[in-house]
Structure formats: C-alpha cells, structure tokens
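Worksheet for the structure shown next.
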Amino acid sequence: MSDPKSFHMSPEEFRRQGHAVVDWIADYQSRIESFPVLSRVQPGEIRSKLPTNAPQQGEAFDQILGDLERVILPGITHWQSPNFYAYFPANASGPAILGDLLSSGLGVQGMLWSTSPACTELETHVLDWLVPMLGLPEKFLSTGSGGGVIQDTASSASLVALLAARERATQFTSNRKGCDGRLVAYCSTQTHSSIEKAIKIAGMGSDNLRHIEVDHKFAMRPEALAHQIESDIKAGLIPCFVCATVGTTSSNAIDPVREIARICRDHSLWLHVDSAMSGTAALCPEFRFIQDGVEFADSYAFNPHKWMFTNFDCNVFYVADRKHLIQTLSILPEYLRNQATESGAVIDYRDWHIQLGRRFRSLKLWFVIRHYGIEGLQHHIREHVRLAQQFATWVRGDARFELAAPAQLNLVCFRLRAGDDSNQKLMERLNGSGDLFLTHTKLDGKLTLRLCVGQTHTQARHVEHAWQRIQQETGKPGNS
Ligand SMILES: *Cc1c(COP(=O)(O)O)cnc(C)c1O
C-alpha cells in the first residue's frame, strides 16, 4: 500500500513491483518465440483499446502491468526475437537491461562533470577501453587530442561531425554569421538518409550534398569523389565534409576509407566514418579489414545499440581533435558556471552534442563489456557472421536464387531470379506467417530481400529454420 498521505510509490512497494517487472521481462524472454515476430495489429487498433481520457485517480500497479500484457504486447514487433532478421538489429541483453534500469534508478542528469562526476568519468573510461578493443587509432583516446562521447544515435553523431566540419572550414564563423551557401558535402548514393537530414538541419541545403556513384559492390568510387570535388572547387564552392560508410544499411557495402581519406587530406576535408552496425565486427581482429584507413578519419561512429548487445539508445562517437567539436558546440550561461569547469581539468559532455541534458548511458555499456568480456563479445559476433555465411552458402546452392551483393559479414542480400513480384510475395508470406521477419531493399533496381543475423539469441537452429521456411514458401520441401 502507498503511504496514505502520499500518492508516491513507497520503496517497499517499488521493491515488490520491481521484482514483478523483472519476472515479467524474464518470462517474456522465455516465451518470445511464441509470438509472431512482426506485430499483426491494424493502424489505430492499440489506441482503440486505451481509455479516451487519462485516469482521474491513480490505479493499482498490477492493473497497469496487466494492460502491458493485454493491450501493449499485441502491438509489439519483437525486435528481441531470435527470428528477427529485418533492417539492422537493435539487440539487447540481460546486463544492458539491468545497467539501464540502474541508470533510471540513479536518475542522474550528467550534463556537466560536476552534476555527477561518475557519469562523465565512466563514459570517458569505457570509450577509451573501446579504442583498442576495436583496433581504432589512438588519436581517438581522451588521453590524446581526441576523445569519445555517447550520442543517442548515429544520426546525431553525423550531425555533430558535419557541424564541426562546417565550422572548421569557415574558421568557426558559421555559428555567428550563419551558413555560407558555398559549403559542399559528399557521400555515396548508398549513404544512410541521416546525412541528408543532417545537411538540412545544419543549414547547408540538400542541394549542396553530392551523392557520389558506387561500384558493382555498392562502395563509393573514390575517383568519382575526387572528380566531383575538383569540379566544385573550380565552380567556386567550398568542399568541407565527406561521409564514408563501413557497412551501408542497404547492402552492407564498405567504402574504401583509405583512398577516400587521401582525397580528403589533399583538400583538407573533414572525413567522418559511419560504421553504425558493422563497427561492432571490429571486435574481432579478422574483421578489422573493414576499417582500413580509419586512422585518417576526423570522426568515427558506431552503434553498440545495433549489434553489441547494448539496448537502444547508445551510439559511440569519436573525434580526432576534440577542440573542433567543443568550439563548435560549447555554450556557457551563468547558471552553468562552476569551479571544475573553470579549472579546465574536467570534460563537460554538454559541449559534445546537441542537447544539454544526458542520461547515464555508459552504465549499460560498462555492464555489457564486463559481463561478456572481450572474448564473450567476439564469440557471439563470430557466430553471427558464421551463420550469415552459412545462409549465403545455401542461397548460392539453390539455382532459383542469387546473391544481390557480396555477403561480407552478417548481412545477406538475396533474391529469387524470378523477379520483383515473386520476391515481394515471398517476403509477405514469410513475414505474415509470424515465423520470422525480414525486410527488403532495392539493388540494381531490383527488389532484394535482406537477412541480417545479429539478434542476441539467434542460433544455428533459427537460421536453419529461416532457410527451411523460404524453401517451403518457394515450393521446395525444406532440407538444408
Ligand atoms: C542504422 C544506421 C544509421 C542510423 O542509425 P540511428 O542510430 O538510428 O540514427 C546511420 N548509418 C548507418 C550506416 C546505419 O546503418
């Protein structure tokens, strides 16, 4: 019971209900394979089950939790199902969930070092751990000129990289005077749409974003980039930023970072490397070829919230020279002044991203790294890649199918040779069955199915079952 003079939840009641919630989550994990992976509700169906107005009087917690099961669960697409192969994963794990819960429990707002020193120092430390873990260049360490910061998403990371590039190219005057309309940025035709959004937000204008053509593997063609930059300079424009992608969203293509970096250096352009999902693969030395040349990048980002068992949201963003970022984003109103900041001895992460306030996100990342250890993380990443490669082998062995792009890591892009209609129908039947969930893209103008192995609990039997279901739906009794 609540304290009669208070509407708050007492610590005793919190303890009781907290146990019930953890039980609920553990039960959810045990029965997750019994749900259709893709939610089957119609638009408006969930809202129609909710009361029109908010309750006048508080309700019992059991009742609220009951409605999670009754009302909310049918409207959930089960991202944590081992049969989830759609988009890129947003995987989670026990230690991450518990770390996140503790972050909520502490309820810290870590905008300044002084608003909770541990929130800043743990983040700096864990992000320094990740540099050698991923084989990234030492210049990203906080002990040198650079440093890392947790952003909410890769989209935000790209935006702040672009803003810093814009400022560096205009001697830090754009912030004061507004954006010079001659600034130009570059990415490939396969780059994530967040770059176009960033260009718009940064005030640079989407007409000033050049989409460079790609080769047969969907990777940026460096000679086309060099050519475009030169013709823009001739036209009196000011090239300032290139985004290279390690693992594009559509097909997992890997841009040639080393060659792109050389072009960037020739013209003093900021190079940002977006490795949102595939960056996690670099935990394993044998996959580090994907980031060849990253030592020349000005900034780098990957999402532990995609493939590194750390629940959403958690993007890790590094800069080679933190001065550029801080000079771009710092503000100091009187009410935030404090001794630690003035002393210059601390990091105030509010100057490293768009928003002021920040959650204690490093806690979940710290829990994940300590729970699994480097070896545990490597084990599961290798296993996901092995399973995706196995799936690609099955596709290659069935003459009705073709691979639509090189399957280099954990994404397989494949399609029936019979054409778009057949592929569309196959995808609808698979997803409609609830047995698995995969999504599509277009490559070379053709509808292509994507199967991404990266959910925390996906094992061999799940991927075997996915291939069996594909065989059944295409008229072959499955036996892989
Ligand atoms: C998923 C993805 C993004 C966007 O990720 P958010 O963290 O949701 O912003 C950006 N770039 C690439 C290459 C991605 O795969």
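The values are calculated or read from the model by the stated rules, or taken from the named source; none is laboratory data. Please read all numbers here as calculations on a predicted model, not as lab measurements. In this analysis, Cβ positions are derived from the backbone assuming ideal geometry, glycine residues included, and neighbour counts consider all displayed protein chains. Accessible surface areas use protein heavy atoms only, side chains included; no ligands, DNA or RNA. Shrake-Rupley method; radii C 1.70, N 1.55, O 1.52, S 1.80 Å.
Details
- Test: residue in the stretch 316-339 that is of a type in the set (A, V, I, L, M), more than 20 Å from Gly279 (Cα to Cα) and within 16 Å of the ligand (Cβ to nearest atom): no
- Among the residues of the stretch 358-369, the one identified as open to solvent by 30 Å² or more (accessible area, probe 1.4 Å) and either under 30 Å from Ala202 (Cα atoms) or assigned by TED's automatic domain parsing to the domain that holds Leu127 (or both) is Arg359.
- Checked against (1) open to solvent by 10 Å² or more (accessible area, probe 1.4 Å); (2) within 26 Å of Ser251 (Cα to Cα); (3) part of a helix (DSSP H, G or I); (4) of a type in the set (S, T, N, Q), Thr341 meets all criteria but (2).
- Filter result for Pro55 (away from the ligand (no atom under 16 Å from the Cβ), outside the structural domain of Leu449 (by TED's automatic domain parsing) and surrounded by 13 or more Cβ atoms within 10 Å (Cβ to Cβ)): no
- Within the stretch 118-134, none of the residues are part of a helix (DSSP H, G or I), of a type in the set (Ser, Thr, Tyr), within 15 Å of the ligand (Cβ to nearest atom) and under 22 Å from the mean Cα position of the chain (by Cα).
- Here Ser250 passes the criteria (1) surrounded by fewer than 23 Cβ atoms within 10 Å (Cβ to Cβ); (2) more than 24 Å from Phe317 (Cα to Cα); (3) within 16 Å of the ligand (Cβ to nearest atom) except the one numbered (2).
- Phe88 within 16 Å of the ligand (Cβ to nearest atom), open to solvent by less than 70 Å² (accessible area, probe 1.4 Å) and not assigned by TED's automatic domain parsing to the domain that holds Thr441: yes
- Selection within the stretch 288-313 - surrounded by fewer than 24 Cβ atoms within 10 Å (Cβ to Cβ) and either in a loop (DSSP other than H, G, I, E, B) or within 16 Å of the ligand (Cβ to nearest atom) (or both): Ile290, Asp292, Gly293, Asn311, Phe312, Asp313
- Some residue of the stretch 66-78 being surrounded by fewer than 19 Cβ atoms within 10 Å (Cβ to Cβ) and more than 21 Å from Arg40 (Cα to Cα): no
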